[in-house]
Amino acid sequence: MEKEIQLIPAKKKSRNAGKEAVKKLRVAAYCRVSTDHEEQEGSYKIQVEHYENYINSHPEWELAGVYADEGISGLSTKNRASFKKMIKDCHAGKIDMIITKSISRFARNTVDCLRYIRELKSMQIPVIFESENINTCDAKGEVMLTILASLAQQESENISRNVKLGLKFRYQKGFVMVNHKKFLGYDRDVDGKLIINEEEAAVVRFIFEDYLSGKSAGQIAKRLEAKGVLTGAGMSHWHDTTIMKMLQNEKYIGDNLTQKTITVDTLNKVRKINKGDEDQYYIKNSHPAIIEREIFEMVREEMRRRSKMKKAGKRVYPSKYPLADVLVCGNCKNRFYRLTRYYPGKKKDYEWICKRRLYGKGNEKCDMRIVKEQLLQQYVIEAISQIGVSDSIDYSDDLVKNYIKKIMIFDDYVLVETIEL
């Protein structure tokens, strides 16, 4: 028998039939600008306004919202709050279609891009990419999308490499960029150069001074909190690790060590400490200093001393130097700090210097002489011998703790005051 083929024509609907029952397509838009610089704010606002007008201009569409992330990189969707909310609203049945400018605006990570496209496609929610003219629910949409998304990711990685190369060239010429917003002690002038914020710089000097006087990082942190001083990030709570980082930060003496950390995973923004993996540049005198180099070196020496004390199982506090508690400047009545001096061809030597000679400025700077520690030790021995403690004694820290009340340093003599027996 021969095959019989019968056509069953489709039923044609009247244009007006059920017109009022037709549901509008709920269309959402996603837009993003990749930096938080002021010049990008206009672009961000323009994109939002554009999509609101564009969707409202289609009578068969209904605006389901404009989801916008500002100042966020497109390499990963991990930190894009509006993007995540849009996907959540899609699952909640609030969105029927999504419009975005381009694949690079949606995501520059191929894996993320395809995963979300397929997730939305399973809910029959198409994504329209205007620049590439792609509808993800078309048969050839995903093939084109895979190719273009890969290119977008490659472009992003190329941009990242170019940025790193550009920074390297800047470092070689001595130009550096410092995030002053979270860096206590500095602001930027109109030319973008670092300038000292005197109010914050006073806090920095306080930290260095307190550490040299024998305070621990934890004690300094508690003192700052008690004074109501805020951190560089504007937080009221101070961590002792923050104090230690500040004490070791070469930027406070006007220098800059670049690339302390490096990016090892561009897509996931993973960084690690640079332990010789990439070149570093140490730029000296790159900006105004808050702390004098001599004081900075004193802090480093004190850190090494305390580290050795801890390793040896000895107590670090109170200070190892009993002389610090009894030395007084005869000119300004301030205390003295211990300096470590290194001389060519001989071992290191120790000296004591007035606090205001170190920190004072202008008329407030003390001109009291620097005193050799060996000379002070001899004065201690002579003073104790005169009160009849012993006929023959050698200097020790216990002698200072038990018998010396005060040592006044003057320009041409030293006055030692002993404890009454």
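Among the residues of the stretch 90-107, those identified as at pLDDT below 90 and in a helix (DSSP H, G or I) are 103, 104, 105, 106.
Note on the stretch 189-217: residues that are without any contact (Cβ under 8 Å) to a residue 24 or more places away in the chain, open to solvent by less than 80 Å² (accessible area, probe 1.4 Å), not in a loop (DSSP other than H, G, I, E, B) and not aromatic (Phe, Trp, Tyr) amount to 2. For residue 236, the conditions (1) more than 29 Å from residue 337 (Cα to Cα); (2) at pLDDT 90 or above; (3) in contact with a helix residue (DSSP H, G or I) (Cβ under 6 Å, 6 or more places away or on another chain) are fulfilled apart from (3).
Across the stretch 53-60, a minimum of one residue is classified as surrounded by 14 or more Cβ atoms within 10 Å (Cβ to Cβ) and at pLDDT 80 or above.
Residues in the stretch 61-71: is at least one open to solvent by 30 Å² or more (accessible area, probe 1.4 Å), modelled with pLDDT under 75 and among the hydrophobic types (A, V, I, L, M, F, W, C)? Scanning the stretch 61-71 turns up no residue that is open to solvent by 30 Å² or more (accessible area, probe 1.4 Å), modelled with pLDDT under 75 and among the hydrophobic types (A, V, I, L, M, F, W, C). Taking the stated definitions as given, is residue 390 at pLDDT below 85 and either open to solvent by less than 40 Å² (accessible area, probe 1.4 Å) or over 19 Å from residue 294 (Cα atoms) (or both)? When the stated conditions are applied, residue 390 passes them.
Within the stretch 116-131, being open to solvent by less than 60 Å² (accessible area, probe 1.4 Å), over 15 Å from residue 103 (Cβ atoms) and assigned to a loop (DSSP other than H, G, I, E, B) holds for 123, 125.
Of all the numbered requirements in (1) open to solvent by less than 50 Å² (accessible area, probe 1.4 Å); (2) at pLDDT 90 or above, residue 222 misses one, and that requirement is (1). Kindly indicate whether any position in the stretch 307-318 is modelled with pLDDT of 75 or more, within 30 Å of residue 197 (Cα to Cα) and open to solvent by less than 70 Å² (accessible area, probe 1.4 Å). No, the stretch 307-318 contains no residue that is modelled with pLDDT of 75 or more, within 30 Å of residue 197 (Cα to Cα) and open to solvent by less than 70 Å² (accessible area, probe 1.4 Å).
The values are calculated or read from the model by the stated rules, or taken from the named source; none is laboratory data. On a predicted model such as this, the values are computed, not experimentally measured, just so you know. Quick reminder, even Gly has a Cβ in these numbers, built from the backbone with ideal geometry, and neighbours come from all protein chains shown. The area values use the complete protein model at the heavy-atom level, side chains included, leaving out ligands, DNA and RNA. Shrake-Rupley method; radii C 1.70, N 1.55, O 1.52, S 1.80 Å.
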